[in-house]
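The structure appears below as structure tokens.
The values are calculated or read from the model by the stated rules, or taken from the named source; none is laboratory data. The structure displayed is predicted, hence computed values, not measured ones. Ideal geometry is used to build each Cβ from the backbone, glycine not excepted, and the neighbour counts take in all protein chains shown. Surface accessibility is based on the protein's heavy atoms, side chains included, excluding ligands, DNA and RNA. Shrake-Rupley method; radii C 1.70, N 1.55, O 1.52, S 1.80 Å.
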Amino acid sequence: YEAGINPKLFRFHDLRHTAASKMLKVNGGIKGVQRFLGHQNIQNTLRYAHLEDEYLTQKVNEISLAV
């Protein structure tokens, strides 16, 4: 409970979503994440790799400033 995680709601499988999203942010390549997770179909990978709206907005702003 120290981390604020309810053990009754937590599933180990949920860590795949966290790992996929973090890898996508660091690496930027969905194909690499797909390979790491062992998915044959990119659609499966897209279900796991989620980017928050705030993160996407930050990236768009970085591009705007670079131009």
>> Taking the 0 to 90 degree range and rounding to the nearest ten, how far is the long axis of helix 14-27 tilted relative to the main principal axis of the chain, both from C-alpha atoms?
In response: 20 degrees
> Using alpha carbons only, how many degrees (0 to 90, rounded to 10) separate the axis of helix 53-66 from the longest principal axis of the chain?
Replying inline: 20 degrees
> Per residue, how much accessible area does the chain have with a 1.4 Å probe, in Å²?
Replying inline: 84 Å²
> For Tyr55, what charge total do you get from the other residues with a beta carbon under 12 Å from its beta carbon, if Lys and Arg give +1 and Asp and Glu give -1?
Replying inline: -1
> For the chain, how many pairs of lysine residues have a Cα-Cα distance under 21 Å, where the two are 8 or more positions apart or belong to different chains?
Replying inline: 4
> Among residues other than Ile42 whose Cβ falls under 12 Å from its Cβ, what is the net charge (Lys/Arg +1, Asp/Glu -1)?
Replying inline: +3
> What label, among [x] 3, 13, 26, 26, 19, 9, 3, 0; [y] 3, 15, 21, 18, 16, 14, 9, 3, 1, 0; [z] 3, 21, 32, 27, 13, 3, 0, belongs to P(r) over Cα pairs in 5 Å bins from 0, in percent computed from the structure on display?
Replying inline: [y]
>> Heavy atoms of the protein only, probe of 1.4 Å, neighbouring chains included. What is the accessible area of Ser21 in Å², nearest 10?
In response: 10 Å²
